[in-house]
Every structure is written in C-alpha cells, then in structure tokens.
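The values are calculated or read from the model by the stated rules, or taken from the named source; none is laboratory data. Given the structure is predicted, the values throughout are model-derived calculations rather than measurements. Here the Cβ positions follow ideal geometry from the backbone for every residue, glycine too, while neighbour counts run over all protein chains shown.
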Protein chains: 2
Amino acid sequence: MRCPVTAASSAGPVGSDGDVLAEATQFLEALHAERQLPGLAARLAEVREEVALTGSYRHTREELVYGAKVAWRQSARCVGRVRWAGLRVRDRRHVTTAAGIAQELSAHLAAGDNGGRIQSVITVFAPDRPGVGPRARIWNDQLIRYCGHVCADGGVLGDPAQVAMVRAARRLGWRPPPVPGRFDLLPWVIETAHESPSVWEVPRELVREVALSHPDHEWFADLMLRWHALPVISNMRLRIGGVDYSCAPFNGHYLGDEIGTRNMGDRERYDQLPVVAAGLGLDTSREDTLWREHAALVLNQAVLHSFRVAGVRVSDPHTESELFMKFCAQEERAGRPVHGDWSWLNGSVGWAALHAVHHRYYDTRVPNPNLWQTDRVYD
Amino acid sequence: MRCPVTAASSAGPVGSDGDVLAEATQFLEALHAERQLPGLAARLAEVREEVALTGSYRHTREELVYGAKVAWRQSARCVGRVRWAGLRVRDRRHVTTAAGIAQELSAHLAAGDNGGRIQSVITVFAPDRPGVGPRARIWNDQLIRYCGHVCADGGVLGDPAQVAMVRAARRLGWRPPPVPGRFDLLPWVIETAHESPSVWEVPRELVREVALSHPDHEWFADLMLRWHALPVISNMRLRIGGVDYSCAPFNGHYLGDEIGTRNMGDRERYDQLPVVAAGLGLDTSREDTLWREHAALVLNQAVLHSFRVAGVRVSDPHTESELFMKFCAQEERAGRPVHGDWSWLNGSVGWAALHAVHHRYYDTRVPNPNLWQTDRVYD
Ligand code: HEM
Ligand code: HEM
C-alpha cells in the first residue's frame, strides 16, 4: 500500500536532465564490476565520445538487459523483486511507429501471459531524444484496463479510475461498445514523435480473464465479477545510465490484494464491499461489526481461489512478504543496499477503505510542544 | 501501524538541549495568539529573567494545560486527536517521591477509567532539571501491562514484549505470582532523582479488564483471552516551550486493532492467530486461504464486541478514521498545519503479521537505474 507522503517526498528524476556522462559512467562501472566484465576503459571512452557528439549514447544489448533488471531490483515499492534476474527483456528499440508499437504490445501480452504461468517481461522501445523528449508514449497506465463509463445519473459503470482515459480516447474518435458493460477493454492510445495519438483496439483473444468465484459461497459467482490476469504497467519511464526510455511497458503477475482490496474494494474503484457484505448477510448498520474487513477478506479469498483454479499465477501477501525477505537477505549477502518504501511493501488485504488513507497533506516536521518516546531505562 | 523508516528518520528532540528561551518565546506567543490572551510582553520578560537565573522557567497552570493539549493535537502518529481539547490535565508537579507518584498513578487509573467511559487524562509530574535530567522516570512503557514469564522450555507465558521488564523488576527484588499466568499485572518501577528504583504493585481493583467473547462463536470465550480497558502510555516525554516533563503518563481509550491485531495477533506478542484459526476450523496448510486475515478479523470483532457489551469505550478503525478527517478539517479551518505520519494513522485490522513489517533497513534514496512514474499525458 502506498504512502502518499513518502511518494510525494521521494520524487525521482524525470527526463534525462542530469549529467548523462556521470550517470553513464557510474552505471557502466557497476555493470562491469557486478558481472566481472572486461573492457570497461574502452567502453567508457566510446560512450564519452558518443555523448560528446550526440548528447547521449546507445546501450549494447547486454547493458540494456542488465539495466532493466537492476531497475526492477531497485524498485523501492515492489515487493516481487526476488524474481529480478528472471526478467525477460524484449529489445524493440528499432520499433518507432504507432502501428509497430501496437503490434509489439500484442506480442508482449502473449509473452507475459505465457499460458497463464505469467512470465515477467519488459518491452523496451526507442529511448527519448536528449533534450527533446520521448519518441513514443502510451497514454494508458496499464495495457489491460477496463473502461469507466459515466452514466446519465452521474454514476460510473466499470472502473471509475478510467473515466478520464475513456474521455481521452473518445476525443480521438474512439466509440465505446454500444451496450456499455462493467468490464469493457480500454483501447490503447499511442503517440509518437512523428505521429499524432492514435487508438488501437486490444486483441481480445490475447486478454486472459478470470471469473471470480468463492470456494465457500456459491452466490459469489452470481456477482459476475472478473479481472484480467496480466498487470502490464505502461506509464513508467525506465532510466538506465543517463538514458530515458519513456516507452517501456513491463509486467509481473498479480498480488491478490491489488485486485481484491484495491480494484474491487476501494470506494473510488469497483466499490464491491457493500455488495459482498449484502451477499454475506452482514450487519452494515454499524462500523464495529467490521463488515468492511469481512467483505474484503471474502473478496481476496475469491481472487486467490479463482486464479488458482484457472491455473493463472498469482501471489498471496504472506508468501510474497516471505519471498521479499529472502530477496533482502540475498541483496545483503551481495553487499548491496536494499532500496525500499516500507508502506508500499506492506500492503494489506484488510486495509479496506480507511478514510485517512487518501489524506496526504501532512506536515511531517517535528512540532513543539510534543510528546516523544524516551529511551528505555532498563536493558 | 508504524513505519519504522519514518519513525527512525523523524527523530525528535530528546532532552531540553535546544534554546530554551527561543522555544519558550515561540510557545508563549502561540498560546497568547490562539487564546487571545493579554500580557504577552510581561510574561515574556518574566520568563526571560527566570531562564537567565535558573536555566529554565515554571509554567503557569494555564500554560501547562494548553501545552499538554497542543502536544496531543500535534502528535503525528495519533489518530484520536479530534478529542484534544477534552484532555484532562492533572498538574502534579509538586509530587516528587516514588510513593507520592505511585499514589498519583493510582488516582490516574481511576480518573482515566471513569467507570468504563474512558476519559483522556495526562498526569504531569515535576519537570526535568535543565542540564541534569529527569526528576522521575517510570520504567514501564504503559501503566497496565501483563507479565511475560520465560518458561523452562524457553517459551513465554504472557506477553513476550514484557520479558525484559519482568527481569528488571525481579532484579529489584520483585517476585512474580507463585503460579504464573498469561495475564499477571506487571508492577510499576519508579525511579526518582533522590531515590533508587522501587517496585509498586498496581492496585488490582483499579484495573478494569474485559474478557473476550465473540458474538457468533461460543467457543471463543473458552480461549480465556482478556485485555485491560485502559492504555496509559508512561514512557513518553512531554515537551512544552523548552521544558521537558519526562514523567507525564497519559491515556486515551483503545482502538480495537491495537488489541485484536497487534497485542493478540502478532507472532512476537500473544500469537493467537493459529489458535483462533484452529477454533474456526480453517485450512492453515496454505497461506492463500488467508486464514491469518480471517483469524485476525474474528479477534478484532471479539474485542469490539466484548468492550461494547462490557460498557467500556473503544473505537473501531473506520469511525476513528472518519473522526480523524474531521480533526484535519477543523485544523485546516483554524489555519494550522496538520502534523501526521501516514503509516501510523492508517493502521489496519487485517494487517496481520506480514514478514516485511518488521524489516526496517531500507535505503530510501532514489537509485539508478530506476523506474519512475511519468506524467499523465491527457487531462
Ligand atoms: C513478478 C511478480 C511481481 C509482483 C508480485 C509484484 C508486486 C508488486 C506490488 C504488489 C506492487 C505495489 C502495487 C500497488 O500497490 O499499486 C508493485 C509495485 C511496483 N513494481 Fe512490482 N511486482 C512484480 C513484478 C514487477 C516487475 C517485472 C517490475 C519491473 C520490471 C516491477 C516493478 C515495480 C514498480 C516500478 C512498482 C512501483 C509502481 C508505482 O510506483 O506505481 N514489478 N509490485
Ligand atoms: C482518546 C482516544 C485515543 C485514541 C483512539 C488514540 C489512538 C491512537 C492510536 C491508534 C495510536 C497508534 C498506536 C500504535 O499503533 O502503537 C496512537 C498513538 C499516539 N497517541 Fe493517541 N489516541 C487517543 C488518545 C491520546 C491521548 C490522550 C494522547 C496524549 C495526550 C495521545 C497521544 C498519542 C501519541 C504521542 C502517540 C504515538 C505513540 C508512539 O509514538 O509510540 N493519544 N493513538
């Protein structure tokens, strides 16, 4: 779960505005040291020359693969990093048209899906042009997402988080299905440096979905809830040794509570806690029955159960947290610092919809007067 | 729930080592402005003189009361602050002997308990001596806590968090009950500047306890679990306008998950999740049944139910989070910044025992290579 305060305060570099050569040097030194590669001096001389001429430099395939893996390994908010070395890196730097990109996104879906045994994949398109900006951008935040349709009464059918994206696609001429539903696939919007944004339907047959059912509650299936198997983040920039790749979608597999708690449970998403509570016959007249937590638990159980039965890889928070501890131990053994953002790494199944979760404007200075922990007196 | 990273990084002032006069001035100005009190200049002159002579100054009763309330109002980790103005401040600065303090602690228990309708109370003993240190310290972290007895097999009967405190009390000659139990009251250890530490039994009749039962599960009562009604923090230092009060225990009432999730559920506390799961007949052979969350839910329901039935004030996380949002709105209307520590303010019922919760050694710098959120392209 994300702490907005930490998120806001640890703003990262956006755009290659730093000292490209310094960052490149640091990166290449780390790569050569970690992989015990020869030829560092020669490669540095080459890069120095290229940066002097063009303001940037081209990564070798090996540098790209290593850089992408290490970017994952160092993602402070990701609990799934024990798998970093197994990332499959698809080098598609030569693909620069919207049509070409759309085709590669389809190929990415197939590679990531891997028949349900989800494989971690990143597809890296052409790097940003130094001082100019991205050569391509995908407008979607994930490659597979469901539409949010605003209804006549102001309510939203589908995913409220995607209302703005639906609006953006419509402005580009896209038309939603004639009979809008709760789980309509959003199209991709792809923009390149030489083409204006264009809309691309996602090939339906490449999108694996899981219908949600619960092992102990038959009625649960009647809620007709579902989710897609593959989370492909498409709005993050990969930065390697001073070079930015603004178009580099990647996927892992799901952690159950991303679906069960956040996507299904959050008030400003599918808001299913009251619906599930009604199915369970819970007393929702008072908060202290903890009906929200009870409904969130059942939703999460349904997600894990349904994915498992469907043969789709998914993680539960306990197993994942334990694996993350293994990752930390590995990193420490390798003498590397573990980058981490505590509140993101400790998301929770039961963390349903507390009001204060969404409040972020706190003053974090230590005030006066104050109360503060004293040192323990005894051993 | 606490984020150890934030906790570590926002270390507060410990001991009045700062500029007493500057802090006093800032405090008195704030008090006079907020309460629209006259006589600021005269009071500042008085304090200046006193600080010059003695290195510190004596708060008026009004300053002490206001200072304690504001210290609560600004406690970044406290979700219960909407009640700050109702804090009852017991001025016991004249009490400096261990016997006198023990007597006042008993009086505090009675005042806080308030027949089960828990009242927020702080008892303020003599301030620290400038440059020397506390005039009195209570070794206990809370005034009511249960012993942790180490058994022959190395296991712990009672609260493992209090094993060291039991050891400390024993070293001072205290003897635990002849037949040790899971809920034996810890004695107080009180140390003053002129007396060595002494042990005081807590008057049993002042300790209200609630036996835990569950509305839907009769067997739950057979677990013989219980908890005390009153959380009185006794290891925090109150600092007001440059003056430290290291002996100033305070209480609010409980938020259910402090008992149900943390005290009862944590592996290194009473570790009751496996026990409750057994009672519920859950499948604990695999993590993805979410049996831990299920057991934590039932424990939390039992706490809220039992306190309510016993007529003891307790809060549930949703109501409390909503009240906290009211507090934020109030503070913003009053033009005051809200001090807050996001991860503490968003504790959770279901947050049972993730491994990574206890890991704190993260590097929070932004690393290279990295993955970072891009700006949204559309509106
Ligand atoms: C293999 C299985 C994976 C699991 C189980 C996993 C798990 C997670 C989870 C639970 C989050 C928090 C998401 C949220 O609360 O919104 C997260 C965030 C993140 N993950 Fe992973 N992840 C996996 C693979 C990957 C891969 C392959 C990459 C990159 C190559 C990656 C990079 C990130 C990044 C950058 C974030 C932060 C996202 C943000 O700031 O919004 N993860 N991961
Ligand atoms: C009236 C009802 C109250 C409620 C429901 C409440 C709730 C809470 C909760 C849930 C925590 C986090 C505890 C943890 O996770 O360990 C907390 C922390 C805290 N509260 Fe309150 N509180 C109340 C009253 C008070 C009062 C009267 C004071 C002081 C006058 C106070 C000062 C603090 C402080 C200083 C902390 C941080 C403790 C630390 O750093 O370990 N609270 N409160």
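Miscellaneous remarks
- Test for B:Asp153: is it more than 14 Å from chain A (Cβ to nearest Cβ), crowded, with 18+ Cβ neighbours inside 10 Å and of a type in the set (Asp, Glu): no
- Taken together, A:Leu212, A:Leu238 contain a single residue that is more than 16 Å from ligand 2 (Cβ to nearest atom), among the aliphatic types (A, V, I, L, M) and closer than 24 Å to A:Glu293 by Cβ, which is A:Leu212.
- Any hit, the range A:355-366, residues being crowded, with 20+ Cβ neighbours inside 10 Å, in contact with a Leu (Cβ under 6 Å, 6 or more places away or on another chain) and at pLDDT below 70: yes
- Residue match in the range A:255-273 (condition: of a type in the set (A, V, I, L, M, F, W, C), farther than 24 Å from A:Val79 by Cβ and in contact (Cβ under 8 Å) with a residue 60 or more places away in the chain): no
- Cross-chain or 6+ apart pairs with Cβ under 7 Å, the range B:72-88 first and within 8 Å of chain A (Cβ to nearest Cβ), then among the aromatic types (Phe, Trp, Tyr) and away from ligand 1 (no atom under 16 Å from the Cβ): B:Trp72/B:Trp84; B:Val79/B:Phe324
One line per residue, one yes/no per condition, for (1) touching a strand residue (DSSP E or B) at 6+ places or on another chain (Cβ under 6 Å); (2) among the small types (Gly, Ala, Ser); (3) under 24 Å from B:Trp139 (Cα atoms); (4) at pLDDT 95 or above:
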position: B:Ser75; (1), (2), (3), (4): yes, yes, yes, no
position: B:Val79; (1), (2), (3), (4): no, no, no, no
position: B:Trp84; (1), (2), (3), (4): no, no, no, yes
position: B:Arg93; (1), (2), (3), (4): no, no, yes, yes
position: B:Gln103; (1), (2), (3), (4): no, no, yes, yes
position: B:Gly112; (1), (2), (3), (4): yes, yes, yes, yes
position: B:Ile122; (1), (2), (3), (4): yes, no, yes, yes
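- Selection status of B:Arg308, under 26 Å from the mean Cα position of the chain (by Cα), in a helix (DSSP H, G or I), within 12 Å of chain A (Cβ to nearest Cβ) and charged (D, E, K, R): yes
- For the range B:61-76, the tally of residues that are near ligand 2 (Cβ under 7 Å from one of its atoms) and surrounded by fewer than 20 Cβ atoms within 10 Å (Cβ to Cβ) stands at 0.
- Look at (1) at pLDDT 95 or above; (2) not in a helix (DSSP H, G or I) and you find that A:Gly12 fails only one, number (1).
- Single residue of B:Leu31, B:Leu109 found to be away from chain A (no Cβ under 14 Å) and outside any loop (DSSP other than H, G, I, E, B): B:Leu109
- Filtering the range A:218-245 to residues that are more than 19 Å from A:Asp113 (Cβ to Cβ) and crowded, with 23+ Cβ neighbours inside 10 Å leaves A:Leu225, A:Arg237, A:Leu238, A:Arg239, A:Ile240, A:Gly241, A:Gly242, A:Val243, A:Asp244, A:Tyr245.
- For the range B:252-271, the set of residues classified as within 12 Å of another protein chain (Cβ to nearest Cβ) and more than 11 Å from ligand 2 (Cβ to nearest atom) consists of B:Gly260, B:Gly265, B:Arg267, listed by residue number.
- When the strands (runs of 3 or more DSSP E) confined to the range A:195-278 are screened for residues that are of a type in the set (Phe, Trp, Tyr) and farther than 30 Å from A:Glu50 by Cα, those reaching at least 1 such residues are found at A:195-200, A:226-228.
- A:Arg170 farther than 29 Å from A:Ala296 by Cα, out of contact with any Ser or Thr (no Cβ under 8 Å at 6 or more places or on another chain) and modelled with pLDDT of 95 or more: yes
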